[in-house]
Every structure is written in structure tokens, then in C-alpha cells.
Amino acid sequence: NDSMMLLGLDSAFISIRKEAIEFQRMFAKKYIRHPIACYILGAHLMYGLSRSELSQMLDSIPEPCRGCRYYKMAEDRLSLLQQYGSDPSLAEYERIAAALRCGPGDVSALICKAAKMLMGKPYAAGTLDSGAQERLSASLTRFDCVTFQETCLALARDAMDPEPGFGNFLRRLEDIRYRNGKCDGYASRLHYSTDWIISNTKKGY
């Protein structure tokens, strides 16, 4: 009986959430010229809208209302969707990042929390050596032991930054993985554990 009640509560919660999102959409469309529409769009709606829906709503907001940070947030979100929209790692990042930002500010605790949220993801070898040229590769859906470690650290550091986001997470990952924090060819990657530890200790990680 308790299990059935919990299932019923989950179902009711999902239904209420759908209604709330639909109400927010209607409100933002009706009062699109009001700055509050930018707030709703940036702070609440942008994760629930597709790329085309978000683009249409941004276009409909008049120029005088585009100065607030919520419009900029929605713009950044659209840019991410255009660049990584088909990448399941973006959705996974947003799931984990939202939880980490609500957690403690201690980096060790955040690393552990990120690791627990990624448990169950499959092991995959050679994920960084899939192309002819070295490039920053970020997957939150499969890992080897090193990429798992780097990803958890980058997620924790991103959550503690003043302006966290997927782009910021990628910058953190690049800083951790490469010598001098820059992806500059195969030799720039910190391949050996001793090299990795020495370099990242110097960087303050």
C-alpha cells in the first residue's frame, strides 16, 4: 500500500510539474514585453524548451527587455543546444550540476557527490584516443578510471565557480587534463599519473 501511495504521489508530482511549465509558457508568451518574462524564460523555462522553442521565445522578447541576466542565461542555453544539442552528456551534466549547486561548498564532498551520481555508467577504454587529432573530449555517459576522476573533479570545481555552466565545466576539464591547462596536441595531455598529480598540485587542485 505504501508503494502504491508513493507511485501515486510521483504521478501527481509529474502532472503538477507539467501544468506549471505550461502555465509559465503561457505567461511568458502573454507578457513577453515585461522583464518578468525574461526571468521566467531564463530561470525556469529554458531547460524544458527545445532548441526551436527557445529560439522563438528569445526572438519574441523585445530589445529593451534583453538586458537582464536571465535573458543572457537563456541565450547561453540556446548556444549550448546549438553546439551540443545531440550530446547526451549535456543533459547528464545539467542533472548533476543542479544537484551539486544545492550541496555543500566543500570540494571533497562535491567530488564524492558527483561520483555517486555517476555510479552505474559503463566502463569504456580509449575514449580519449578516438580521433587522428587531439581534442578535448567530454563524456558523462561512459568512463575509464582516469576520465571518471577528471570529470568528478571538474564537476565539483564548476559547481563552486561564480558562473558555473557546461562551457565552464569543459574549461575546468581541459585545465585538469592538459599541461598548462591547454589542449595543444597529443603530447600536451598528462598521460602519466605522476605527471598528472604534479601538474594538478601546482594548479591548486
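Checking the condition of a type outside the set (Phe, Trp, Tyr), within 18 Å of the chain's Cα centre (by Cα) and not in a loop (DSSP other than H, G, I, E, B), which residue from Ile197, Ile176 passes?
On the way: Ile197 fails: within 18 Å of the chain's Cα centre (by Cα).
None of the others qualify; the one that does is Ile176.
State yes or no: is Ser89 polar (S, T, N, Q), open to solvent by less than 20 Å² (accessible area, probe 1.4 Å) and within 18 Å of Pro164 (Cα to Cα)? Answer is yes for this residue.
Of the residues in the stretch 23-38, how many are part of a loop (DSSP other than H, G, I, E, B) and within 9 Å of Ile61 (Cα to Cα)? Break it down stepwise before answering.
Quick first cut of the stretch 23-38, residues part of a loop (DSSP other than H, G, I, E, B) only: 31-34.
In the following step, the residues that additionally are within 9 Å of Ile61 (Cα to Cα) were identified as 32-34.
The total comes to 3.
Selection over the stretch 49-86 of residues that are among the acidic types (Asp, Glu) and either surrounded by 13 or more Cβ atoms within 10 Å (Cβ to Cβ) or in contact with a helix residue (DSSP H, G or I) (Cβ under 9 Å, 6 or more places away or on another chain) (or both) gives a count of 3.
Condition first: surrounded by fewer than 16 Cβ atoms within 10 Å (Cβ to Cβ) and either modelled with pLDDT under 90 or assigned to a loop (DSSP other than H, G, I, E, B) (or both). Now tell me which residues in the stretch 179-192 satisfy that. Passing the criteria: Lys182, Asp184, Gly185, His191, Tyr192.
The values are calculated or read from the model by the stated rules, or taken from the named source; none is laboratory data. All of these numbers come straight from a predicted model, not from anything done at the bench. When we count neighbours, we look across all protein chains shown, and the Cβ atoms used for this are built from the backbone with ideal geometry, even at glycine. Heavy atoms of the whole protein, side chains included, go into the accessibility calculation; ligands, DNA and RNA do not. Shrake-Rupley method; radii C 1.70, N 1.55, O 1.52, S 1.80 Å.
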